[in-house]
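S.K.: Mind looking over this structure? Questions follow.
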Amino acid sequence: MKQHNHWKMRKFQKAIIKIVLWGFGLFLLFFNLILKKTLDFNIVSEVVSILSIVLGLILALVEKKLWKTSVMRLPFLEDYWTPILEGRWEGKLERNGKLHDFVIEIVQSFTSISCVTYSKHSSSSAYATKILYDDQLKAYKLIYYWHGTTTNTIENNRDSDRFEGFTVLDIIIQSRNVIKLKGTYFTNREPQQTKGNINLSFRQKTLKKSFE
């Protein structure tokens, strides 16, 4: 599997650099052959500086804004499309055969992603979050390693109020829109490890930063 967000940005950056270099080469050819003039060092330096600024602006726009617009659905940009997960997802978490209301809130740019989860009695924050792409299955996955706390502890047979876990969610896509996050998780809670299933649907763009 590939670390989807990073290798696509590197690929996009290389494509932009190639376009800039070809454009600069054609500019020199036009200036020398058509206008019959020779560029001095100062003009070349200014052109390179301008192209560098333009390249930086393009990459910054892709990182923050363009990656989630319809521009990335154009045929020549399809290879750089990435699933848009940012926002609030709500659904159910299954643990020990029981269903619990569960929420994931995601913050995302083109090359980074982070998430926080909430349930009625607990919350968690991810140490590391990645979107992975499986070339063979043509499928995306959201994975994150996290630490959580809970207020629902039993004093006589105490469940750990601080624990860590790992979650793997399939990103279900339909017509380039993410419609579900579905997968499994496990934790290192004591005295008994917990594990189960998660099934979430998109709720809204605005983050509440709380369970309710």
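The values are calculated or read from the model by the stated rules, or taken from the named source; none is laboratory data. Computed from a predicted structure; not experimentally measured. Every residue, glycine among them, receives a Cβ derived from its backbone with ideal geometry; neighbour counts consider all protein chains shown. In case anyone asks, the SASA skips ligands and DNA or RNA and just uses the protein heavy atoms, side chains included. Shrake-Rupley method; radii C 1.70, N 1.55, O 1.52, S 1.80 Å.
S.K.: How large is the helix-only mean residue ellipticity at 222 nm for the chain, computed as the sum of -39500 (n - 2.57) over DSSP H runs with n ≥ 4, divided by its residue count, in deg cm²/dmol to the nearest 500? Don't skip to the end; give the middle numbers.
M.R.: Working: 2 runs with 50 residues, N = 212.
That comes out to -8500 deg cm²/dmol.
S.K.: What is the ratio of the Cα radius of gyration of segment 109-152 to 2.2 N^0.38 Å, with N the residue count, to two decimals?
M.R.: 1.45
S.K.: If you wrap a convex hull around the alpha carbons of segment 160-212, what volume per residue comes out, as a whole number of Å³? Can you show the working numbers first?
M.R.: Working: hull volume 5.4 nm³, N = 53.
Taking only Cα atoms, segment 160-212 has a hull volume of 102 Å³ per residue.
S.K.: Let me ask something additional. From the residues Leu51, Phe211, Met9, which one has its Cα farthest along the dipole of the chain in the positive direction, the dipole being from +1 and -1 charges on Cβ of Lys/Arg and Asp/Glu about the Cα centre?
M.R.: Ranked along the dipole, the leading option is Leu51.
S.K.: Find the relative contact order for the chain and round it to a whole percent, using C-alpha pairs within less than 8 Å whose residues are 6+ positions apart. Before the final figure, lay out the partial values.
M.R.: On the way: 375 pairs, mean separation 39.1, N = 212.
Once divided by the residue count of the chain, the mean separation gives 18 percent.
S.K.: So, by mean Cβ neighbours within 10 angstrom, what's the order for 137-144, 105-112, 93-100 with the highest one leading? Numbers along the way, then the final one.
M.R.: Values: 137-144: 16.8, 105-112: 18.4, 93-100: 12.8.
Result, highest mean first: 105-112, 137-144, 93-100.
S.K.: Accessible area per residue for the chain in Å², computed with a 1.4 Å probe and the full protein assembly in place, what is it?
M.R.: Working: 13230 Å² over 212 residues.
Normalised by residue count, the accessible surface of the chain is 62 Å².
S.K.: Using r as the Cβ-Cβ distance of Glu94 and Asn177, and R0 as 25 Å, what FRET efficiency do you calculate, to the nearest 0.05? Walk me through the numbers on the way to the answer.
M.R.: On the way: r = 25 Å, r/R0 = 1.01.
For R0 = 25 Å, the calculated efficiency reads 0.50.
S.K.: Now for a separate question. With the cut-off at 32 Å, report for the chain the share of all Cα pairs above it, as a whole percent. Please list the in-between numbers first.
M.R.: Values: 8089 of 22366 pairs.
When every Cα pair of the chain is considered, 36 percent fall beyond 32 Å.
S.K.: Working from Cα positions, state the angle (0 to 90°, nearest 10) between the long axis of helix 41-64 and the longest principal axis of the chain.
M.R.: 20
S.K.: Let me ask another. Which FRET efficiency, nearest 0.05, do Lys209 and Val54 yield, Cβ-Cβ r, R0 35 Å?
M.R.: Values: r = 37 Å, r/R0 = 1.06.
The formula returns an efficiency of 0.40 here.
S.K.: A further question follows. Taking the Cα centre of the chain as origin, sum charge times position over the Cβ atoms of Lys and Arg (+1) and Asp and Glu (-1), and report the length of that vector in debye to the nearest 20. Don't jump to the answer; show the numbers that get you there.
M.R.: Details: 31 positive and 19 negative charges, 95 e Å.
So the dipole magnitude of the chain works out to roughly 460 debye.
S.K.: Another one. Starting from the coordinates of the alpha-carbon atoms of segment 122-212, obtain the Kirkwood hydrodynamic radius over all distinct pairs and give the value in Å to one decimal.
M.R.: On the way: mean 1/r = 0.0670 Å⁻¹.
For segment 122-212, the Kirkwood estimate is 14.9 Å.
S.K.: Extending each Cα 7 Å along its Cβ direction at Lys138 and Asn197, get the distance between those two points in nm, one decimal.
M.R.: 2.6
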